[in-house]
Amino acid sequence: MDSGLFNVILEYINIVFMMFTITLFLIFTTMGYLSTRNSIHYKKKNSFGDLSKIMASPLAPSITIIAPAYNEGLTIVENIRSLLSLQYVNYEVMVVNDGSKDDTLEKMIAAYDLVKVERDIDPEWKCKPIRGVYKSGQRSFSKLTVIDKENGGKSDALNTGIYLAESKYVGCIDVDCLLMPDSLLHVVKSFFQRSKKRVIAVGGVVRVANSCKIDGGQLEEIRMPKNWLAKFQLLEYTRSFLLGRMAWGRLDSLLIISGAFGFFDREIALAIGGYDTKTVGEDMEIVFRMRKYMHERREPYTVEYIPDPLCWTEVPEDLKIFVGQRDRWSRGNLETLFKHKEMFFNSKYGRLGLLSYPYWFFYEWLAPILEVTGLISILLFYYLGILNIDFFIAITFMVYAFAIMFSFYAILWEIYTYNQYTKTKDIITLMLFALIEPFVYHPIVTFSAIKGNYKKLFNIKAGWGTITRKGFSKA
């Protein structure tokens, strides 16, 4: 190849990398600005008025919390006790035992004096066979309903709950999640605070509960995780939930609600057929379909986002389990993006088609692939002796500095807004982990994403995987 042409190609590659980097900087800077504006707006809006008396009234709208359970015998009794202690009157806790092979059902029956009751069930509803519906014989546990069914996976269990619930709203959570006592007050308020748009879903921040002191289903003390992997996830969750999703909420373009804490207008959820049982990214996919449904009907709607720390969950501390989880998330992203590919740069869907979908495509799905491709190119260029060392060092330092700045801002904004970690030692620890994250944690996340994409693109059979939890600390 002519040396002049080769130099032009190299220069073009440098420009492409530079433009991609600058675009990424602009996007994340904008997200930081939007999330800040939205957080300030939210805190001002909620600084006055007390809805607790209204929402504690029997006239308050009904809501059913659906919690799928599979082999949760170790903690199921305490988890249910926590859900039954929420500060709200008109709600139901529906635990769906999804064919557990351990003593989950037996422990619930013994602890809550459950007896089988008759319930009309539509045989046409698409879910695995229901073996029984249980209610408590004790008045103090009257809010509890347990559904026992054959194993069909999390989505199938949630669909069963959505169908059997009779409330106006349904909350789909993980059974081992810890909800704050006033969480339902915030959720229902979010459904009713709009006057011109119908709120079809409400999502919120998910916090890391590893190493926190939890007793009797109540959060007694917030502690920094002891495990190194959990610390990195705490940093990532702070950045993602407090800045990223808050920004998309400001634009009314949020495309994902965490499966650990998501609440939906039951009528709309039923209209679209519930969760897709054929995808492992069900929490993202259902929001896509609900939004498309409302867009196509041309009805004004929105998806609300709550930044208050209302939900705490245990994140993986084992590296193998963590990689499996992120592998599954990547497959779920790809499945959802492919299934709804008609939204890509489609003005029919407004900001969702022109902004949200392209972002998820380029920076959530494609970015890890581009990173690996770029790394291979750098090694190849270095081997061939054509790597522009000065340019490489400059752009690497710029990317690293920006990543650190963004993480530091997330940490400082968390301190300013909710200040969950009050010890100076904890803040310094998070900042130190932010400094090494690009070299330790990020490569693991990227590897997991590549692994998930490889499985999906080459049609390698893989399911939900197994997540083994250690349980909350009481000491």
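The values are calculated or read from the model by the stated rules, or taken from the named source; none is laboratory data. Remember, it's a predicted structure, so these values are computed and weren't measured experimentally. Positions of Cβ are generated from backbone atoms using ideal geometry, with glycine treated the same way; all protein chains shown enter the neighbour counts.
Taking the condition under 23 Å from Ala157 (Cα atoms) and crowded, with 18+ Cβ neighbours inside 10 Å, does Ile286 pass? In short, yes.
Residues of segment 259-279 that are in contact with a helix residue (DSSP H, G or I) (Cβ under 7 Å, 6 or more places away or on another chain), in a helix (DSSP H, G or I) and among the charged types (D, E, K, R): Arg266 alone.
Can you confirm whether Gly350 is at positive phi and touching a residue at least 40 places away in the same chain (Cβ under 8 Å)?
On the way: at positive phi: yes; touching a residue at least 40 places away in the same chain (Cβ under 8 Å): yes.
In short, yes.
Could you tell me whether any residue of segment 262-280 is touching a residue at least 60 places away in the same chain (Cβ under 8 Å) and within 19 Å of Arg207 (Cβ to Cβ)? The answer is yes, given that some residue of segment 262-280 is touching a residue at least 60 places away in the same chain (Cβ under 8 Å) and within 19 Å of Arg207 (Cβ to Cβ). Among the residues making up segment 120-147, those that are surrounded by fewer than 20 Cβ atoms within 10 Å (Cβ to Cβ), out of contact with any Asp or Glu (no Cβ under 8 Å at 6 or more places or on another chain), touching a residue at least 12 places away in the same chain (Cβ under 8 Å) and under 18 Å from Gly274 (Cβ atoms) are Ile121, Asp122, Trp125, Lys126. Of all residues in segment 225-252, those being surrounded by fewer than 20 Cβ atoms within 10 Å (Cβ to Cβ) and assigned to a loop (DSSP other than H, G, I, E, B) number 4.
So, in segment 73-98, of the ones that are polar (S, T, N, Q) and within 16 Å of Gly161 (Cβ to Cβ), which residue ends up surrounded by the fewest Cβ atoms within 10 Å (Cβ to Cβ)? Explain how you work it out, then say what you get.
First pass over segment 73-98, keeping only residues polar (S, T, N, Q): 75, 79, 82, 85, 87, 90, 97.
Filter once more, so that each one left must be within 16 Å of Gly161 (Cβ to Cβ): 79, 97.
On the way: Asn79: 22, Asn97: 25.
My answer is Asn79.
In segment 300-307, the condition of being under 17 Å from the mean Cα position of the chain (by Cα) and assigned to a loop (DSSP other than H, G, I, E, B) is met by no residue.
For segment 60-117, a residue qualifies if it is in a loop (DSSP other than H, G, I, E, B), of a type in the set (A, V, I, L, M), closer than 21 Å to Gln138 by Cα and within 25 Å of the chain's Cα centre (by Cα), and the qualifying residues are Leu84, Leu86. With the structure loaded, tell me whether Ala209 is within 28 Å of Asn90 (Cα to Cα), of a type in the set (Gly, Ala, Ser), at pLDDT 90 or above and out of contact with any helix residue (DSSP H, G or I) (no Cβ under 6 Å at 6 or more places or on another chain) or whether it fails that test. Criteria met by Ala209.
Among the residues that make up segment 454-474, is at least one of them modelled with pLDDT of 85 or more and surrounded by 16 or more Cβ atoms within 10 Å (Cβ to Cβ)? Among the residues of segment 454-474, at least one is modelled with pLDDT of 85 or more and surrounded by 16 or more Cβ atoms within 10 Å (Cβ to Cβ), which makes the answer yes.
Is there a residue being in a loop (DSSP other than H, G, I, E, B), free of Cβ contacts under 8 Å to residues at least 40 places away in the same chain, in the same structural domain as Ser62 (by TED's automatic domain parsing) and surrounded by fewer than 22 Cβ atoms within 10 Å (Cβ to Cβ) anywhere in segment 170-182? Give the steps one after another, and end with the answer.
Going through segment 170-182, the residues in a loop (DSSP other than H, G, I, E, B) turn out to be 174-177, 180-182.
Imposing the further condition that a residue be free of Cβ contacts under 8 Å to residues at least 40 places away in the same chain reduces the set to none.
Taking every residue of segment 170-182 in turn, none turns out to be in a loop (DSSP other than H, G, I, E, B), free of Cβ contacts under 8 Å to residues at least 40 places away in the same chain, in the same structural domain as Ser62 (by TED's automatic domain parsing) and surrounded by fewer than 22 Cβ atoms within 10 Å (Cβ to Cβ).
Over 19 Å from the mean Cα position of the chain (by Cα), under 25 Å from Ser253 (Cα atoms) and small (Gly, Ala, Ser): does that describe Ser347? For Ser347, the condition - over 19 Å from the mean Cα position of the chain (by Cα), under 25 Å from Ser253 (Cα atoms) and small (Gly, Ala, Ser) - is met.
Using beta carbons and a limit of 6 Å, which pairs, at least six apart or on different chains, have the first residue in segment 89-105 and on the phi < 0 side of the Ramachandran plot and the second one of a type in the set (Gly, Ala, Ser) and not in a loop (DSSP other than H, G, I, E, B)? Final answer for the pair search is Met94/Gly161; Val95/Ala67; Val95/Ala69; Val96/Ala157; Val96/Gly161; Asn97/Ala69; Asp98/Ala157; Thr104/Ala69.
In the set (1) closer than 30 Å to Gly244 by Cβ; (2) touching a Phe, Trp or Tyr at 6+ places or on another chain (Cβ under 7 Å); (3) at pLDDT below 95, the condition left unmet by Ile65 is number (3).
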